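Novice: To start, I am sharing the structure in question, which I have written as structure tokens.
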Amino acid sequence: MASCFSFTASRDRLYRYFFAFSGLRSVATTLRDGTVMHCWVPRIHKHSKPSLLLIHGFGANAMWQYGEVLRHFIPDYNVYVPDLLFFGGSHTPRPDRTEAFQARCLMKLMEENGVRKMSLIGISYGGFVGYSMAVQFPAAVDRMVLCCTGVCLEEEDMKSGLFVVADVEEAANILMPQTPEKLRELMRLSYVKPTRGVPSCILSDFIHIMCKDYLEEKRELIREILKDRKLANIPKIDKRTLIIWGEQDQIFPLELGYRLERHIGESAELVLIKNAGHALNLEKPKVFIKHLKKFLLVDPTPSFPPPKPWREQL
């Protein structure tokens, strides 16, 4: 008889227990246009503490990407950990696939939870969304951390050979692996020292649990990132920004980190983590968290009153 044990499902349950033990609760919020946003929110929002929004990138749901980070900021922040649209429990009937739409949905979600001022961390694709939040709602974002996020890439970068993949479709096949071989390729590109010898059954289990839903919608998200993207058209922001990059990132090469630092200007600081690739939050968690704490736990309280509620309809 075949075994029913799933390593991925078991680990996912452990993350759920940990998030609940940390004082968060799982909430699905339906916005007025039918969009559903799932988020881990504080069981009790303490008005004496600032708020911190953790935005994940492509891969498993938000818990898997921020499990190591959570406990370090729960004492000082009201922490919110959402699933972006088409990840975890979030989805929408609307056809918009831009990071700007993701940002508007997150802003509305936060307002539904009574939060109108926050700092944020965005990893990879989550950094695109976080940057867009700072552009669209500058009064709502205090300071932010952008991790290995190619905000300043251009459509022509793909043709010029900046990336290890030849086109967007190849990138999508790697970022949404459907076979153990493709998942191993993603691991090789994401880590400097990927775990070796992982049995195909374990990889297949992960794919079955985490990589089968909303495949076409996720492809559309990836396509939208590059579509007609030019650096000259990317708005600049004036926010205290920490940029963290793995020196050996093969998904978004380091050149994009320098480009982002130049684009933001004096309010940005770029920190490089040695012997780390794109998944630096998982590969070098202690160093990653050290930089986060240095930046976010030094006078994290906003220096000006919260803005008026955002009322734009989605």
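The values are calculated or read from the model by the stated rules, or taken from the named source; none is laboratory data. Source: prediction; values computed, not measured. A quick note on method: Cβ atoms are made from the backbone with ideal geometry, for glycine too, and the neighbour counts reach across all protein chains shown.
Novice: Inside region 221-255, can you point out the residues that are part of a loop (DSSP other than H, G, I, E, B) and surrounded by 16 or more Cβ atoms within 10 Å (Cβ to Cβ)?
Specialist: ARG229, ILE234, ILE237, LYS239, GLN248, ASP249, GLN250, ILE251, PHE252, PRO253
Novice: Oh, and also: Would you confirm whether any residue within region 276-292 is basic (Lys, Arg), surrounded by 15 or more Cβ atoms within 10 Å (Cβ to Cβ) and modelled with pLDDT of 95 or more?
Specialist: There is at least one residue in region 276-292 that is basic (Lys, Arg), surrounded by 15 or more Cβ atoms within 10 Å (Cβ to Cβ) and modelled with pLDDT of 95 or more.
Novice: Would you tally the residues in region 185-219 being in a helix (DSSP H, G or I), charged (D, E, K, R) and under 21 Å from the mean Cα position of the chain (by Cα)?
Specialist: 6
Novice: Applying the selection to region 102-122, what residues are of a type in the set (A, V, I, L, M, F, W, C) and either under 14 Å from the mean Cα position of the chain (by Cα) or within 27 Å of ILE207 (Cβ to Cβ) (or both)?
Specialist: Selection gives ALA103, CYS105, LEU106, LEU120, ILE121.
Novice: Considering only residues that are surrounded by fewer than 15 Cβ atoms within 10 Å (Cβ to Cβ) and among the small types (Gly, Ala, Ser), which ones fall in region 133-164?
Specialist: Of everything in region 133-164, those that are surrounded by fewer than 15 Cβ atoms within 10 Å (Cβ to Cβ) and among the small types (Gly, Ala, Ser) turn out to be ALA139, SER160, GLY161.
Novice: Yes or no: ASP167 surrounded by fewer than 16 Cβ atoms within 10 Å (Cβ to Cβ) and either under 27 Å from GLU261 (Cβ atoms) or not polar (S, T, N, Q) (or both)?
Specialist: It is true that ASP167 is surrounded by fewer than 16 Cβ atoms within 10 Å (Cβ to Cβ) and either under 27 Å from GLU261 (Cβ atoms) or not polar (S, T, N, Q) (or both).
Novice: Please go through (1) closer than 28 Å to ILE273 by Cα; (2) surrounded by 17 or more Cβ atoms within 10 Å (Cβ to Cβ) for LYS218 and return the number of the only condition it doesn't satisfy.
Specialist: (1)
Novice: Moving to a separate point now. Cβ contacts < 9 Å: first residue at negative phi, restricted to region 252-273; second residue of a type in the set (Val, Ile, Thr) and in a helix (DSSP H, G or I), any location; separation 6+ or different chain. Result?
Specialist: ILE273/VAL287
Novice: Just to be sure I understand, how many residues within region 176-190 are surrounded by 13 or more Cβ atoms within 10 Å (Cβ to Cβ) and more than 18 Å from GLN248 (Cβ to Cβ)?
Specialist: Residues meeting the conditions: 7.
Novice: Please identify the pairs in which a residue from region 281-295 that is farther than 12 Å from GLU68 by Cβ has its Cβ atom under 7 Å from the Cβ atom of a residue that is surrounded by 14 or more Cβ atoms within 10 Å (Cβ to Cβ), counting only partners at least 6 apart or on another chain.
Specialist: HIS291/LEU242; HIS291/ILE244; HIS291/VAL271; LYS293/HIS72; PHE295/VAL145; PHE295/LEU242
Matching residues to (1) crowded, with 18+ Cβ neighbours inside 10 Å; (2) free of Cβ contacts under 8 Å to residues at least 60 places away in the same chain; (3) farther than 25 Å from LYS290 by Cβ:
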site: ARG43; (1), (2), (3): no, yes, yes
site: LEU53; (1), (2), (3): yes, no, no
site: ARG71; (1), (2), (3): no, yes, no
site: ASP76; (1), (2), (3): no, no, no
site: GLY88; (1), (2), (3): yes, yes, yes
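Novice: A further question follows. Against the definition (in a helix (DSSP H, G or I), surrounded by 24 or more Cβ atoms within 10 Å (Cβ to Cβ) and either touching a residue at least 60 places away in the same chain (Cβ under 8 Å) or not aromatic (Phe, Trp, Tyr) (or both)), how does GLY127 come out, yes or no?
Specialist: yes
Novice: So, of the residues in region 23-41 that are of a type outside the set (A, V, I, L, M, F, W, C) and within 20 Å of the chain's Cα centre (by Cα), which turns out to be surrounded by the fewest Cβ atoms within 10 Å (Cβ to Cβ)?
Specialist: It comes out as ARG25.
Novice: Might you let me know whether region 205-220 holds any residue that is over 30 Å from GLU181 (Cβ atoms), of a type outside the set (S, T, N, Q) and touching a Phe, Trp or Tyr at 6+ places or on another chain (Cβ under 9 Å)?
Specialist: No, region 205-220 has no match at all.
Novice: If you don't mind, there's one more thing I want to ask. State the number of residues belonging to region 74-110 that are under 14 Å from ILE55 (Cβ atoms) and polar (S, T, N, Q).
Specialist: Summing the residues that are under 14 Å from ILE55 (Cβ atoms) and polar (S, T, N, Q) in region 74-110 gives 2.
Novice: Among the residues of region 134-147, are any aromatic (Phe, Trp, Tyr), in contact (Cβ under 8 Å) with a residue 12 or more places away in the chain and not in a helix (DSSP H, G or I)?
Specialist: Yes - at least one qualifying residue is present in region 134-147.
Novice: Considering only region 89-116, state which residues are under 21 Å from SER26 (Cα atoms) and either modelled with pLDDT under 95 or not in a helix (DSSP H, G or I) (or both).
Specialist: Passing the criteria: GLY89, SER90, HIS91, THR92, ASN113, GLY114, VAL115, ARG116.
Novice: Residue check: is VAL151 under 15 Å from ALA268 (Cα atoms) and of a type in the set (Val, Ile, Thr)?
Specialist: Against the criterion (under 15 Å from ALA268 (Cα atoms) and of a type in the set (Val, Ile, Thr)), VAL151 qualifies.
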